[in-house]
Amino acid sequence: MDNASVMALWIVAAYIVGSVPFGYLIGLMRGVDVRTVGSKNIGATNVYRVVGHGWGFLAFFCDFAKGFAPTMLSIAYASRHADGGAMIANLPVCVGLACVVGHTLTVFMRFRGGKGVATAFGMFLALAPWPTLLAFAVFVVVVWLSHYISLGSILAAITLGAAVWFFPATLLLRVVAVVIAAFVVVKHRTNIQRLVKGCENRIY
């Protein structure tokens, strides 16, 4: 099988894995359709608010894992096929991106989904651990001080998009980091409006 076919299979598989709507499924397990309550989002934050703290953390972990695990597997594959050229070398970035796209535009929910924060966190922890840990530290501090998960997510995304340029990384990864950071900010546009108005929901 040629490299293009291999990459296509990886990307399709990663998109399908990313598309699994864990937040929605966890809500159904508890008798709640998270699409109809709270922020009506299938992400971990809404699950945390309307289903319960423990279930919210479970949703976050599942969304994180579907970005982290496929990316790590593709890194291992690329390292074993280092003679595959630039296409195989860039495979992990493409796989991680496919996971994030799957989460935000899931095929199982008529191409609607979450905001991509947890899945992107998993992807970038595998690909760029130090910038990602820095962004996570920003998230923790901002949420701790403000009690706004949305604000923490926005500032963490911006931090990651900037920090990845100051650590060893491929140009493709840096560009993808900026694109995903911008996408996360755009997905939070209604949250930004509520933050400006002072009516955004706090974590407590």
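The values are calculated or read from the model by the stated rules, or taken from the named source; none is laboratory data. Owing to the predicted nature of the structure, the values given are computational and were not obtained by experimental measurement. Positions of Cβ are backbone-derived with ideal geometry, glycine not excepted, and every protein chain shown enters the neighbour counts.
Looking at Met109, is it touching a Pro at 6+ places or on another chain (Cβ under 7 Å) and at pLDDT below 95? Yes.
Suppose the filter is within 13 Å of the chain's Cα centre (by Cα), in a helix (DSSP H, G or I), outside the structural domain of Val17 (by TED's automatic domain parsing) and among the hydrophobic types (A, V, I, L, M, F, W, C); does Ala162 pass it? Judged against the criteria, Ala162 is not a match. Among the residues of this structure, Thr132 does not count as one that is under 13 Å from Asp63 (Cα atoms), at pLDDT 95 or above, assigned to a helix (DSSP H, G or I) and of a type in the set (Ser, Thr, Tyr). Residues in segment 107-116: is at least one crowded, with 20+ Cβ neighbours inside 10 Å, in contact (Cβ under 8 Å) with a residue 24 or more places away in the chain and part of a helix (DSSP H, G or I)? No: segment 107-116 contains no residue that is crowded, with 20+ Cβ neighbours inside 10 Å, in contact (Cβ under 8 Å) with a residue 24 or more places away in the chain and part of a helix (DSSP H, G or I).
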